[in-house]
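Report on the structure given below.
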Amino acid sequence: MPPRKIIIDTDPGQDDAVAILLALASPEDLEVLGITAVAGNVPLPLTEKNARIVCELAGKPDTKVFAGCDAPIARKLVTAEHVHGKTGLDGPSLPDPTMPLQDQHAVDFIIDTLRTEPAGTVTLCPLGPLTNIAVALQRAPDIANRIQEIVLMGGAYFEVGNITPAAEFNIYVDPEAAKIVFACGAPITIMPLDVTHKALVTEPRNNAFRALGTPVGVAVAQMTDFFERFDKEKYGSAGAPLHDPCVTAYLIRPDLFTGRHINVEIETGSDLTLGMTVADWWGVTDRPANATFMGDIDSDGFFALLTERLARL
Ligand code: BDR
Ligand code: CA
């Protein structure tokens with residue numbers, strides 16, 4: 001089977017960085033057509049720069065990186081420096097990138113790619129707020145039925161929220177965008193907090209990254225060291241949740257994940273529960289299923305895959 005063509009839409013972020021590294025380390029499974037940056041964890045000038053830093057760390061400076069939307073569709077940007085540090089990639093000390101940013105706007109790249117590649121052959125992998133994807137769908141509704149699948153990190157049901165008591169960060173930052181994406185009709189697979197909070201970088205798992213002894217292994221260990229202090233304090237958990245790599249791992253090893261094909265709607269009207277993913281896990285409504293909502297992960301298998309692939313870079 002030829003590798004699956006993907007566009008990674010991202011707001012790096014240490015966990016975004018690991019997701020990108022996993023994809024770039026897996027050319028037999030994934031062909032990264034481009035990386036599109038969006039404002040999220042930190043503002044756009046930092047996310048597009050961080051995406052290029054990560055490509056260079058991976059030894060893949062020919063990867064195309066595009067800058068996209070610098071603010072949500074209808075709201076002021078909310079960022080997460082309290083989790084990711086002021087650069088968004090705090091932890092390792094990595095050089096400024098020398099590879100260029102592409103001239104084209106990320107939204108135009110997404111639209112052009114979906115129109116140019118054969119229908120049903122390009123998968124979108126959003127790892128941040130859904131602004132770029134929603135704006136592309138708004139501007140070019142014809143692309144919706146050309147998308148092979150949207151595999152995204154966002155939302156929560158049993159874990160409820162991380163940025164508010166009711167909402168997960170990526171969906172909360174741009175709920176209007178999420179609403180557009182969830183209604184677009186393309187096949188959608190979601191990695192919610194319910195899954196990602198089980199993908200914890202425990203000490204032995206982090207030691208395994210560091211023991212790779214490569215610049216990538218050491219940088220990933222330093223990123224998760226930094227990122228972990230927040231979750232340990234907040235949740236008392238055993239380590240940092242590697243949210244976004246669940247998306248790229250799923251594309252390589254879908255058998256590591258289980259979930260349900262259900263209806264998922266986005267709350268945009270309530271101040272109290274803004275950005276909540278109302279997931280009909282128990283099938284108590286007759287609203288039609290629009291997404292596969294993952295609920296569990298084989299976390300040992302996930303970390304074995306990650307360590308094996310990162311060792312290649
Ligand atoms: C999501 O929010 C960001 O902080 C992470 O990069 C991840 O995409 C988790 O809620
Ligand atoms: Ca992210």
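The values are calculated or read from the model by the stated rules, or taken from the named source; none is laboratory data. Keep in mind that what you see is a predicted model, and the values were worked out from it rather than measured. All Cβ positions, even for glycine, are placed from backbone atoms using ideal geometry, and neighbour counts span all protein chains on display.
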Does segment 284-298 contain any residue that is free of Cβ contacts under 8 Å to residues at least 24 places away in the same chain and buried (at least 16 other Cβ atoms within 10 Å of the Cβ)? no
Check on residue 258, of a type in the set (Ser, Thr, Tyr), outside any helix (DSSP H, G or I) and at pLDDT 95 or above: yes
Find all pairs meeting these conditions: Cβ atoms under 9 angstrom apart; at least six residues apart or on different chains; first residue within segment 132-155 and over 27 Å from residue 194 (Cα atoms); second residue within 16 Å of ligand 2 (Cβ to nearest atom) and assigned to a strand (DSSP E or B). 136/124
List pairs: first in segment 241-255 and of a type in the set (Gly, Ala, Ser), second in a helix (DSSP H, G or I) and more than 15 Å from ligand 2 (Cβ to nearest atom), Cβ under 8 Å, 6+ apart or cross-chain? 249/256; 249/302; 249/305; 249/306
Looking only at residues in segment 61-85 that are farther than 23 Å from residue 177 by Cα and more than 20 Å from the chain's Cα centre (by Cα), which one is surrounded by the fewest Cβ atoms within 10 Å (Cβ to Cβ)? 62
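Hey, could you check segment 213-253 for residues that are assigned to a helix (DSSP H, G or I), hydroxyl-bearing (Ser, Thr, Tyr) and at pLDDT 80 or above and say which is nearest to residue 298 (Cα to Cα)? First the steps, then the outcome.
Going through segment 213-253, the residues assigned to a helix (DSSP H, G or I) turn out to be 215-235, 245-252.
Imposing the further condition that a residue be hydroxyl-bearing (Ser, Thr, Tyr) reduces the set to 224, 235, 248, 250.
So of that shortlist, the ones also at pLDDT 80 or above come out as 224, 248, 250.
Numbers: 224: 20, 248: 14, 250: 11 Å.
Filtering first and then ranking leaves 250.
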Please determine, by comparing only the residues of segment 1-17 that are among the charged types (D, E, K, R) and more than 14 Å from residue 120 (Cα to Cα), which one is farthest from ligand 1 (Cβ to nearest atom). 9
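Residue-wise test of (1) away from ligand 1 (no atom under 12 Å from the Cβ); (2) within 16 Å of residue 294 (Cβ to Cβ); (3) among the polar types (S, T, N, Q).
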{"residue": "181", "(1), (2), (3)": "yes, no, no"}
{"residue": "184", "(1), (2), (3)": "yes, no, no"}
{"residue": "192", "(1), (2), (3)": "no, yes, no"}
{"residue": "198", "(1), (2), (3)": "yes, yes, no"}
Hey, does segment 86-99 have a residue that's closer than 28 Å to residue 254 by Cβ, of a type outside the set (Ser, Thr, Tyr) and crowded, with 22+ Cβ neighbours inside 10 Å? no
